Amino acid sequence: MKREEDEISFLQVAQFCLANWCLLLSGCALFGALGLAWSLSMPDVFSAKTQLLIAEPIGAKGGAALLQSDPVLKQAVEKFGLAARYKRDSESEAKLALLNGHLKVNVVKDQPLEIMVTDPDPAMAARIANYLADLCRQQILGAHITEQGRKLYVLQGRLTTSRERLKQAEKEVRADIQSGRLKLDSTAVQMVSGFASLEGMLAAGDTNNLDSALMQIKMELAKASGEVMVLPPDLFTEVRDLYYHRALTQELARQVQQAELVASQDVQVLVEATPPLMKSSPKRSLIVAIAGLIGLAISTLLALVLQLRRSGRLVLSAEK
């Protein structure tokens, strides 16, 4: 048996193109025109980006999981009325549309979390992106799951307990003063409050102001004439508790304020989203180019079939 090998040279390709240029050009132009018409029917879409820096152990991966969770998506859908905006029949469909078509979360190791939202309205895209970033930040900080967040949570618990005890101590002392059981001169008040405040600062772990507190107590003791009224043990305990919890509450409140500032740095918005000036899609020139190439490929196949039929080779190969 003989095997014929057909070798296609550049000259044959050029001859084929010259012989069928009209068909090739027509197919390319037709599909290019269809691609242009299709791209023009597509609305312009704008992409707004924001970046979040999230401390470990949460990190960008944990932030991405939180952003794509059902509660966060639900709040965004309700906030901006996305069911009507995306022309969806239900809230669930709107959440899927946001997650799969309009929200993109990029997670890169050792890099900030990037949140990108697309929308036909550039201002709306920026608003949704910033809202999601802020919501993610609040969720993480509110859950106290970072290292500084856990410290803040402990301090807040101590402050709440101290405030409740202070309120109770104030109530008891007020009742004793109104009933006449408790009478304090200024020297006694200053001495008791000085020692109790010192205890409160020690209990709160504050060692920065101990020197000034001790100096104040020494001054009050030097002023005392020895005629300070001696209080019954129960009344002395009430007064001591009042000033102790007052000092403890003040110091814990100061520490909580500082801890809130430190904990807020665990999740930072590095770049806020702004309304983009340029559209991100559709890329009409690319769509037209791809459509033209598809048309060229189809017309080339059609021209090849027609040429084979004219030469009779297609019929012969079919008969064999």
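The values are calculated or read from the model by the stated rules, or taken from the named source; none is laboratory data. Being a predicted model, the structure only gives us computed values, none of them experimental. Note: areas computed on protein heavy atoms with side chains; ligands, DNA, RNA excluded. Shrake-Rupley method; radii C 1.70, N 1.55, O 1.52, S 1.80 Å.
Observations
- The rule of thumb for compact globular proteins, 2.2 N^0.38 Å, goes into the C-alpha radius of gyration of region 83-149 1.31 times.
- Per residue accessible area of region 72-130, 1.4 Å probe, in Å²: 52
- Gap separating the Cα centres of region 79-132 and region 262-292, nearest whole Å: 12
- For region 235-306, accessible area per residue (1.4 Å probe, heavy atoms of protein chains only), Å²: 57
- Of all accessible heavy-atom area on region 67-167, the percent that carbon and sulfur account for (1.4 Å): 48
- When the C-alpha to C-alpha distance is required to be over 25 Å, the pairs from 95/151; 49/283; 61/95 that qualify are 95/151.
- In this structure, the amide hydrogen of residue 280, modeled 1.01 Å from its nitrogen in the peptide plane, lies closer than 5 angstrom to those of 45, 46, 47, counting only residues at least 5 positions away or on a different chain.
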